[in-house]
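Here, each number is a calculation from the coordinates, and none is a lab measurement. Since we're looking at a predicted model, the values are computed, not measured. We place every Cβ from the backbone using ideal geometry, glycine too, and count neighbours over all the protein chains shown.
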Protein chains: 2
Amino acid sequence: MTPKKILVAQGGGPTAVINQSLAGVVLEARKFRGVSRVYGAHHGVSGIVNEDLLDLTQETSHNLEMVANTPSSALGSTRDKPDAKYCHEIFKVLQAHEIGAFFYIGGNDSSDTVRIVSEEAHKAKYPLRCIHIPKTIDNDLVGNDHTPGFPSAARFVAQAFTGVNLDNAALPGVYVGVVMGRHAGFLTAASALGKKFPEDGPHLIYVPERVFDIDKFLADVKATYERLGRCVIAVSEGIHDAKGVPIITKLAEQIEHDAHGNVQLSGTGALADLLCEEIKIKLKIKRVRGDTFGYLQRSFIGCVSDVDQREAREVGEKAVQYAMWGDRSGSVTIQRIGYYSVDYELAPLEAIAGKTRVMEDEFLSECGTNVTDAFRLYLRPLLGSHMPDAYRLRPNAVAKELHKG
Amino acid sequence: MTPKKILVAQGGGPTAVINQSLAGVVLEARKFRGVSRVYGAHHGVSGIVNEDLLDLTQETSHNLEMVANTPSSALGSTRDKPDAKYCHEIFKVLQAHEIGAFFYIGGNDSSDTVRIVSEEAHKAKYPLRCIHIPKTIDNDLVGNDHTPGFPSAARFVAQAFTGVNLDNAALPGVYVGVVMGRHAGFLTAASALGKKFPEDGPHLIYVPERVFDIDKFLADVKATYERLGRCVIAVSEGIHDAKGVPIITKLAEQIEHDAHGNVQLSGTGALADLLCEEIKIKLKIKRVRGDTFGYLQRSFIGCVSDVDQREAREVGEKAVQYAMWGDRSGSVTIQRIGYYSVDYELAPLEAIAGKTRVMEDEFLSECGTNVTDAFRLYLRPLLGSHMPDAYRLRPNAVAKELHKG
């Protein structure tokens, strides 16, 4: 039986294409004759429990298309991580509004919420189809070739490193760029796709999948700087030592910097600044600069992968199709079936929920500070069309006249 | 007499279009029959004194076009600020290579170098045409409607704020974005062009043209946060108190943060972090995030204004034409003659050299934290074609079922 009313919500960190999935759900659902209402919840699960719902049935298709092209969560998002009680509240609201299908666009926390809500409905013998739609710039959902949102963020990171490498070549020194990623280094590793010539940066890449050793780091930087006269470094915000202690905590303690005891990874330039201070002090290099890419990398409006847009739209569409024609709840996953082509599958919620994928070993080079060609091949098609490219002048030295000797 | 050999160099901070000016000089100069050699100096004036020159006469036009579209200084840049002695060294090298025309693409420090070198040549009765070609993301050259490099950086800043505003609307809190600009607030003010709806951020804009008072700042943030439940703030790195002391220095001293006594404005996230700490502590707001746009804003490869590209190309071309057909040295300036059209003039070097333009009063609103419509009209055409636009869902609330009362 086709559900009469459906509800869609967005959770977790916004991405550049999460509204494509929203538009995919709404436009696809409105094609089904039996569907009488398409609701959206403001600010994810918190909007559901507060009954802060928006009727999208009467939104124009044109405006939905325009919103689809707009980064960040148009319905608003939330950081709430519902427990069993919270999920029960969600279920009660869905029941009160006679919602027959619930779509939640989010990462692995969100998929766990979908799983619990689905179980609640089952226990109450209430007919509810629950579909999790993948989304995360971290690319850390298991069971997926990649996740919507990651390709556009990766495109931003690759283009940013193309630029800062050129900037660093013009005014040489050491440059540290800190990229989002607490447990998975995919986004930081994307910096490697900004590289064209062998001498281009990033020369060193540090991801959370490898233990970060500050002495090894300084030795790496020193070696690169001595070889090239400059060094461009990409660092994941989540780098940690052998015991799992975040480097930002360690460095902050070491130099008595941490006045308020807060260890916050995003929305602060502290890690970049602390690493730069280490390099300046220990290696006596004068020009050392650090940038933290922060929120720019996940919501930048002018740097979206068209491949990412199309796939984010399709996972939304497929979610509705699975709910309408399928016989079970689940999580939509992206499977790579060609170079480059994808197809979609509906995985059991238990297979995705609450699990974290990290970079596969084959993607990281043995030296620990670079990616492999396997990773470059994996990522390139995701970045989309019209990737800008960097060119340089060909060498052709003029003979000296004044200082001939 | 047409100079047989010409030399071009790039100085100061790179921009997204400085290579357009380089290509403009080289391609235009190569059209003149009398020109036998077109040289480029590596790393600006330092490459001249070291005779580190590159022969561009045999570079292909195709590669020059590709380099023109590549951000950052293809010849390399320098932070050297030549004094009279240094300029004499420059002149000696130009003389040894029989250079007849010298083109220097740079900001106001660079124009001063051109002025001194020109005077040296005059004193030595050596025939040398010296042309300064404008370039700076700060937009702080006098005598110009605007300067090449600024429009593309402004495009990046406007697009970045469009994105972070959407992000902040999805996950509400306070967001501080620190933008480059030591004395002139043009680039920070460009954040206002990322705004579409009245409630959009940036809600508060702080530029170096106005005295920054931390208590007033906190009161502004509090008022906005109470009104909208969120607040997006754009801050120039160069904000200072009534005595001209940079705020970064003041805040750092206040909370004993400045372990090494370095006050560096760019390449560190310190100002954003310090302002965020103030907001967290004094206003007791929990979600406060800061980003420093850093080097991304001046060399990002995927966010270049086509208007900026064309004008940067033209100032290079015009420079060569002035040198070949004119009778004096000078600085190429951009004059706005229509909405939107520009023309170019050659100003005396003394009129430009070493002077700093700041934002005109008519561009800043009386409240001190916003720009005027005059500024919006001024900036909009510079941002170029295909500016992405943000859309939102139209409100259409669903009646509550569970919590009807």
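The table for this structure:
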| item | result |
| --- | --- |
| Residues of segment A:292-316 that turn out to be surrounded by fewer than 24 Cβ atoms within 10 Å (Cβ to Cβ) and either touching a residue at least 60 places away in the same chain (Cβ under 8 Å) or away from chain B (no Cβ under 14 Å) (or both), as a count | 6 |
| Segment A:347-362, residues that are over 20 Å from A:Leu187 (Cβ atoms) and touching a residue at least 40 places away in the same chain (Cβ under 8 Å) | A:Ala347, A:Leu349, A:Glu350, A:Ala351, A:Ala353, A:Gly354 |
| Filter result for A:Ala9 (in contact with a Gly (Cβ under 7 Å, 6 or more places away or on another chain), more than 7 Å from chain B (Cβ to nearest Cβ) and assigned to a loop (DSSP other than H, G, I, E, B)) | no |
| All positions within segment B:127-148 that are assigned to a loop (DSSP other than H, G, I, E, B) and either of a type outside the set (A, V, I, L, M) or on the phi > 0 side of the Ramachandran plot (or both) | B:Pro127, B:Lys135, B:Asp138, B:Asn139, B:Asp140, B:Gly143, B:Asn144, B:Asp145, B:His146, B:Thr147, B:Pro148 |
| Members of segment B:91-119 found to be of a type in the set (Ser, Thr, Tyr) and in a helix (DSSP H, G or I), listed by number | B:Ser110, B:Ser111, B:Thr113, B:Ser118 |
| Boolean, A:Arg328 is surrounded by fewer than 23 Cβ atoms within 10 Å (Cβ to Cβ) and in contact with a Leu (Cβ under 9 Å, 6 or more places away or on another chain) | yes |
| Residue match in segment A:60-68 (condition: surrounded by fewer than 24 Cβ atoms within 10 Å (Cβ to Cβ), out of contact with any helix residue (DSSP H, G or I) (no Cβ under 6 Å at 6 or more places or on another chain) and either among the aliphatic types (A, V, I, L, M) or under 14 Å from A:Ala9 (Cβ atoms) (or both)) | yes |
| Every residue from segment A:44-58 that is among the aliphatic types (A, V, I, L, M) and either within 7 Å of another protein chain (Cβ to nearest Cβ) or touching a Phe, Trp or Tyr at 6+ places or on another chain (Cβ under 8 Å) (or both) | A:Val45, A:Val49, A:Leu53, A:Leu54, A:Leu56 |
| Matching residues in segment B:350-383 - criterion: being assigned to a helix (DSSP H, G or I) and crowded, with 16+ Cβ neighbours inside 10 Å | B:Ile352, B:Phe363, B:Phe375, B:Tyr378, B:Leu379, B:Pro381, B:Leu382, B:Leu383 |
| In segment A:178-192, the residues that are in contact with a helix residue (DSSP H, G or I) (Cβ under 6 Å, 6 or more places away or on another chain) and more than 12 Å from A:Leu364 (Cα to Cα) | A:Val178, A:Val179, A:Met180, A:Gly181, A:Leu187, A:Ser191 |
| Unmet criterion (only one of (1) over 30 Å from B:Phe197 (Cβ atoms); (2) of a type in the set (S, T, N, Q); (3) in contact with a Gly (Cβ under 6 Å, 6 or more places away or on another chain)) for B:Ser305 | (1) |
| Residue in segment B:18-43 that is farthest from the other protein chains (Cβ to nearest Cβ), counting only those that are in a strand (DSSP E or B), free of Cβ contacts under 8 Å to residues at least 40 places away in the same chain and in contact with a Ser or Thr (Cβ under 9 Å, 6 or more places away or on another chain) | B:Val38 |
| Subset tally (residues that are basic (Lys, Arg) and not in a helix (DSSP H, G or I)) for segment B:203-239 | 2 |
| Within segment A:65-113, tally of residues that are out of contact with any strand residue (DSSP E or B) (no Cβ under 7 Å at 6 or more places or on another chain), at the interface with chain B (Cβ under 8 Å from one of its Cβ atoms) and closer than 26 Å to A:Glu350 by Cβ | 4 |
| Unique residue being surrounded by 21 or more Cβ atoms within 10 Å (Cβ to Cβ) and within 14 Å of chain B (Cβ to nearest Cβ) when the list is A:Ala319, A:Ala323, A:Ala390 | A:Ala390 |
